[in-house]
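Only one structure is covered here, and it is reproduced in the block below.
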Amino acid sequence: MGTKYEFGLDERGKLHVIDEVNTPDSSRLCDIDEWEKKYALIATEMAKGGFKDVSALLQARPDLKIKELSKQYVRDALLATGFDPSKHASAPELTEDQVVECAYRYIGAYERITGKAFDFPGAHVKPEHRICANLQKSGLIVGGTAALMAGSDSDMPHLEMLQKELAKFSVPSHIRICSAHKQPSRLEQVLQRYNKSIEPLVIVACAGGTDALSGTASYSMMHPVVSCPPDGMNNTCLTNPPGSSNAFIRKPANVGKFAAQVLAHSCPRVAAALEASIPQKIRQLEQADDELECKRRRIA
C-alpha cells in the first residue's frame, strides 16, 4: 500500500539509508485479495461525497477497513481507547491480546516475504542485547566503543594519541568536548544519553587542572570511567567524593589495553586483538634479547 525510506548525509556528504526498509514499521502491507476487494468499495463510497475523509468513512463503515500487516494496527488500537496524541502526554498500555495480535501480524508478514519460519528468540534474551548482537553480526557495530571526553579542545593532541592506542586493539572511539565546570547541564545530558546505549561502553575522561569531569561522569554513569589526564601525574581525580568510582591510568597505551579488557567479552574482534598483543610483546622482547646476545657473541 505504501512505504517510506529515510536518508541522511555523513560528514563527507555521502548519502546513506539510515533506517530499516520494507518492514511493517516503515511500510503499510496487506493481502492482495483484501486490497482488491475493499479499495474499490472505499473509492466508490468516497466518490459519493458523503464523508470528509477516509478515516470518517471507516469509522462509519468498519467493515471496509483493510487489515494491515503493519504498525497501523497499534495506532488503531490506541485511538479506539480514546487516546489523542495532541492532548495526552503518554499512551495507554495495550492489552496482552493486542500485543499478541500485533506480533502475529509482524511474524506473518516476515514468513510470507522471506519464505522462512520465524525463529523465536530465547525468552531469557533481553531485546536490547538481541539488537546489539544482530548489529554486531551484520558488521554494523563492533559491539563496544570508547567515548573520549575532554573539558577543552586544547586537549586534542592527547585525545588523538588515545584514539591511536585504542585502535591498536580494534576499539572504536569518538571524541566529545564538554566541560564539567563550564557546562554541567550539558555534561549531564550527554552522560544520560550514554546511559541509554545498548552497546557496551568505556568512558575515558581527559581533564587537566582540577579534574571534575571523571568524578561527575563516574557518579552518573552505568559504564566504567577511567581518567587519563593530559597533564601527566594529575591525581586530583583520586580525591573525588564518595560515589565517584573512576579509575586512573596515566599512560594512553595502558588506557587502550584497559578498554580492550573491559570490552573483550562482548567484542570478538577486540578480544582477538587483545589476545594477539600479549604474545606479540613477548616476541618483541625475545627478539631484542636475541639480537643483543648475537652482538655480544660477535664481540667476544
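Entry for region 1-153 at q = 0.15, 0.18 Å⁻¹: log10 I(q)/I(0) = -1.11, -1.35, Debye formula applied to identical alpha-carbon scatterers, no solvent contribution. Across all Cα atoms of the chain, the radius of gyration (one decimal) and Dmax (whole number) stand at 28.2, 109 Å. This model, with +1 at the C-beta of Lys and Arg and -1 at the C-beta of Asp and Glu, gives the chain a dipole about its Cα centre of some 660 debye. Solvent-accessible surface of the chain, taken per residue with a 1.4 Å probe and all protein chains present: 65 Å². Computed from Cα positions, the angle between helix 96-114 and the longest principal axis of the chain comes to roughly 80 degrees. With a cut-off of 17 Å on the backbone N, the residues of region 242-280 near the modelled label site 7 Å out from D231 along Cα-Cβ are 249-251.
3J(HN,Hα) couplings calculated from phi for region 234-241 with the Karplus curve 6.51 cos²θ - 1.76 cosθ + 1.60 (θ = phi - 60°) are, in sequence order, 8, 9, 5, 6, 8, 10, 5, x Hz; Gly and Pro show x. What is the log10 of I(q)/I(0) for region 115-222, computed with the Debye formula using one identical point scatterer on each Cα and no solvent, at q = 0.14, 0.16, 0.22 Å⁻¹? Reported log10 I(q)/I(0), two decimals: -0.65, -0.78, -1.20. With Cβ to Cβ distances under 15 Å as the rule, what net charge do the other residues near V99 carry (K, R +1; D, E -1)? For residues surrounding V99, the net value is -2. Straight-line reach from K65: taking Cα to Cα under 14 Å and skipping same-chain neighbours fewer than 8 places apart, the aspartates and glutamates in range are D31, D33, E34, E36, E45, D53, D76. Under conditions of 25 °C and 0.890 mPa s, region 1-73 yields 169 µm² s⁻¹ as its translational diffusion coefficient, taking Rh as the Kirkwood radius over Cα pairs in the Stokes-Einstein equation. Considering only A103, S86, S138, and ranking their Cα positions along the charge dipole of region 41-163 that arises from unit charges at the beta-carbon of Lys, Arg, Asp and Glu, the one farthest toward the positive end is A103. Note on the chain: with a GNM built from Cα contacts shorter than 10 Å, the maximum mean-square fluctuation among F258, F248, F51 falls on F51.
Reducing region 185-259 and region 270-284 to their Cα centroids gives an inter-centroid distance of 26 Å.
Each Lys or Arg adds one and each Asp or Glu subtracts one; over the other residues with Cβ under 15 Å from the Cβ of A247, this totals +2. Direction-averaged projected area, Cα convex hull, region 61-131: 7.0 nm², rounded to one decimal. Counting only Cβ charges, +1 for Lys and Arg and -1 for Asp and Glu, the dipole size of region 82-235 around its Cα centre is about 260 debye.
Across the cross-link table entries K14/K116; K4/K37; K4/K116; K137/K168; K14/K137; K14/K251, which are compared at the Cα atoms, the separations over 27 Å belong to K14/K116; K14/K251. Per-peptide packing, taken as the mean over residues of other Cβ atoms within 10 Å, places 234-240, 30-36 in the sequence 234-240, 30-36 from highest down. Taking A117, A60, A207 in turn, the Gaussian network model of the chain (Cα-Cα springs below 10 Å) assigns the largest fluctuation to A60. The residue among I113, V74, L274 whose Cα reaches farthest toward the positive pole of the charge dipole of the chain, with charges on the beta-carbon of Lys, Arg, Asp and Glu, is L274.
Ignoring ligands, DNA and RNA, what percent of the 1.4 Å accessible area of the chain is carbon and sulfur?
55
The values are calculated or read from the model by the stated rules, or taken from the named source; none is laboratory data. Everything numeric here is computed off the predicted structure, so don't read it as measured data. Methodologically, a virtual Cβ is constructed for each residue, glycine included, from the backbone with ideal geometry; neighbour enumeration extends over all protein chains shown. For the accessible areas, the whole protein counts, side chains as well, though only heavy atoms, and no ligand, DNA or RNA atoms are used. Shrake-Rupley method; radii C 1.70, N 1.55, O 1.52, S 1.80 Å.
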